[in-house]
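S.K.: Below you will find the structure I want to go over with you.
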Amino acid sequence: MTEQFDAVVVGAGAAGLFCAGQAGQRGIKVLLLDHSEKIAEKVRIAGGGRCNFTNRELDPRGPQKHFLGKNAHFCRSALARYTPADFIALVQKHGIPFHEKHKGQLFGDRSSEDFIRMLVAECDAGGVVRRQPCTVERIDAAEGGYTLRTSQGIVQASQVVIATGGLSIPKIGATDFGYRIARQFGLRVVETRPALVPLTFDGDAWAPFAQLAGLALPVRIETGEKKQRMAFDEDLLFTHRGLSGPAVLQVSSYWREGQPLRIDLAPGVDVAAALLQAKARSRKLIANELASLVPSRLADAWVQQDPAWQRPVNEASDKSLAQLAERLQRWELVPTGSEGYRKAEVTAGGVDTRDLSSQTMESKQPGLYFIGEVVDVTGWLGGYNFQWAWASGFACAEAL
Ligand code: FDA
């Protein structure tokens, strides 16, 4: 016998679990399916296992600052209706201890498991039926709703919510299912690309910097020109293959192939003036003087780039000191690519918001909803992507 539900939510990640729980508690009969054995794997690994679950700095009046997508305003309504304060209240209701780390980022004190338990408890409170591993083989429009053929039988529902996330980290269950379903029903999909991802460089060109792998330092980083220019003040991390750390992850979401990055490796310092002053009073090597301004490993590697920089500071020309400072503070380099979906925290692009209601997340195909990362809404690093998962899940649950 075919089972009947009011709504089937496909994908038991952040958005799907939250939406299912909220909808269930509103009296709707909900089935939540996931093809993976373990649910919410990304919540589990998020924030280094502590889950950066939201960000206090998200301004509901202007949230588009922290989000990108073809229509930056699309996310506004849902984020205003379900705010970080609302989610914090839920976390407090469940007695989960948390703390603020950096720029409004909230993390659990103990482990991400606290948040998974909370999401499951919310589903249980709403009588949500959960099935996993359960694969959805087909979704067809039927009279009064949809028929889903799953690995655990056929189910019918008047509404279907797609919450299958993006393409990042395929080894823990990411698929293109959501985009395929969107296309099947004639919805547009904005081209996807890895975002919040480390950037890589050509092997030979990177060789002088590969020795710096593991070094982290605060920088100012930017990409893009004029109106498209985006800049971040964050920590940069050198890796064997390129650059990572919050600064690069943030800028990577805006970077396009062929574009340069511009990096100030000593933000807030006038390196040229400091070296000229040093020249007047010191006989130390330039690298040693530089080491008072930036980490010594960086200073040592930096002077290797030009023989004119490998001498005592008092023997260097003013011009070569100015050139060193200019290169350090306006380091321009063109990444060859990124580490891809294997390492990306999120997927930019996705179901085109022109085909979705910003009030309910319902698509132009009546009764078919898309929430969370599968939508063309991508948040900055720092808890913004989870807040989008909660807010879009909530908007959808209210409409089911
Ligand atoms: P999510 O990916 O959470 O869930 C999708 C679910 O759908 C999965 O359970 C998957 O198994 C299932 N699924 C996929 N295909 C399916 C199919 N065909 N059939 C059935 N089920 C299917 N964000 C943040 O705000 N703070 C943070 O600290 C972090 N940290 C972080 C670390 C790392 C390493 C990564 C990779 C990502 C983050 N993120 C983050 C991003 C955040 O995890 C992400 O944006 C949300 O989990 C998105 O929530 P969704 O529910 O949309 O997708």
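S.K.: So Pro208 fits all but one of (1) more than 16 Å from the ligand (Cβ to nearest atom); (2) part of a strand (DSSP E or B); what number is the exception?
M.R.: (2)
S.K.: Out of all the residues in the stretch 47-75, which are over 23 Å from Gln228 (Cβ atoms) and within 11 Å of the ligand (Cβ to nearest atom)?
M.R.: Once the filter is applied, which keeps residues that are over 23 Å from Gln228 (Cβ atoms) and within 11 Å of the ligand (Cβ to nearest atom), the stretch 47-75 yields Gly47, Gly48, Gly49, Arg50, Cys51, Asn52, Phe53, Thr54, Asn55.
S.K.: Limited to the stretch 346-400, what total is found for residues that are over 15 Å from Gln159 (Cβ atoms) and among the acidic types (Asp, Glu)?
M.R.: Within the stretch 346-400, residues that are over 15 Å from Gln159 (Cβ atoms) and among the acidic types (Asp, Glu) number 4.
S.K.: Follow-up question, since we're still on this one. I'm told Val129 meets every condition in (1) more than 30 Å from Gly153 (Cβ to Cβ); (2) more than 13 Å from the ligand (Cβ to nearest atom) except one. Can you identify the failing condition by its number?
M.R.: With respect to (1) more than 30 Å from Gly153 (Cβ to Cβ); (2) more than 13 Å from the ligand (Cβ to nearest atom), Val129 is out only on (1).
S.K.: List pairs: first residue in the stretch 231-242 and closer than 21 Å to Lys65 by Cα, second residue assigned to a strand (DSSP E or B) and at pLDDT 95 or above anywhere in the structure, Cβ distance under 6 angstrom, at least six positions apart or on different chains.
M.R.: Cβ pairs passing all conditions: Ala231/Glu222; Phe232/Ile221; Asp233/Arg220; Asp235/Ala216; Asp235/Pro218.
S.K.: Which strands (runs of 3 or more DSSP E) sit wholly inside the stretch 224-280 and have at least 1 residues that are of a type in the set (Phe, Trp, Tyr)?
M.R.: By residue number, 230-238.
S.K.: Is it the case that some residue within the stretch 181-200 is without any contact (Cβ under 8 Å) to a residue 60 or more places away in the chain, surrounded by fewer than 18 Cβ atoms within 10 Å (Cβ to Cβ), more than 25 Å from Ala247 (Cα to Cα) and not acidic (Asp, Glu)?
M.R.: yes
S.K.: Keeping to the stretch 140-182, report how many residues are within 10 Å of the ligand (Cβ to nearest atom), out of contact with any helix residue (DSSP H, G or I) (no Cβ under 8 Å at 6 or more places or on another chain) and assigned to a strand (DSSP E or B).
M.R.: 1
S.K.: Here's a check for you: in the stretch 105-124, which residue that is touching a Gly at 6+ places or on another chain (Cβ under 7 Å) and outside any strand (DSSP E or B) is nearest to Phe5 (Cα to Cα)?
M.R.: Of everything passing the filter in the stretch 105-124, Cys123 is nearest to Phe5 (Cα to Cα).
S.K.: Return the pairs, sorted by first residue and then second, in which the second residue is modelled with pLDDT of 95 or more, the first residue lies in the stretch 37-65 and is of a type in the set (Lys, Arg), the beta carbons are less than 6 Å apart, and the residues are 6+ apart or on different chains.
M.R.: That search, which allows pairs on different chains as well, returns Lys42/Gly13; Arg44/Ser112; Arg50/Phe107; Arg50/Gly108; Arg56/Pro84; Arg56/Gly104.
S.K.: Can you list the helices (runs of 4 or more DSSP H) found entirely within the stretch 1-103 that contain at least 3 residues being in contact with a Phe, Trp or Tyr (Cβ under 8 Å, 6 or more places away or on another chain), buried (at least 21 other Cβ atoms within 10 Å of the Cβ) and not acidic (Asp, Glu)?
M.R.: In the stretch 1-103, the matching helices (runs of 4 or more DSSP H) lie at 14-25.
S.K.: Residues in the stretch 287-307: is at least one loosely packed, with under 14 Cβ neighbours inside 10 Å and among the charged types (D, E, K, R)?
M.R.: yes
S.K.: Could you list all residues from the stretch 357-375 that are closer than 12 Å to Cys75 by Cα and more than 14 Å from the ligand (Cβ to nearest atom)?
M.R.: Of everything in the stretch 357-375, those that are closer than 12 Å to Cys75 by Cα and more than 14 Å from the ligand (Cβ to nearest atom) turn out to be Ser357, Ser358, Gln359, Thr360.
The values are calculated or read from the model by the stated rules, or taken from the named source; none is laboratory data. Everything numeric here is computed off the predicted structure, so don't read it as measured data. Because the Cβ atoms are built from the backbone with ideal geometry, glycine has one as well, and the counts that use them run over all protein chains shown.
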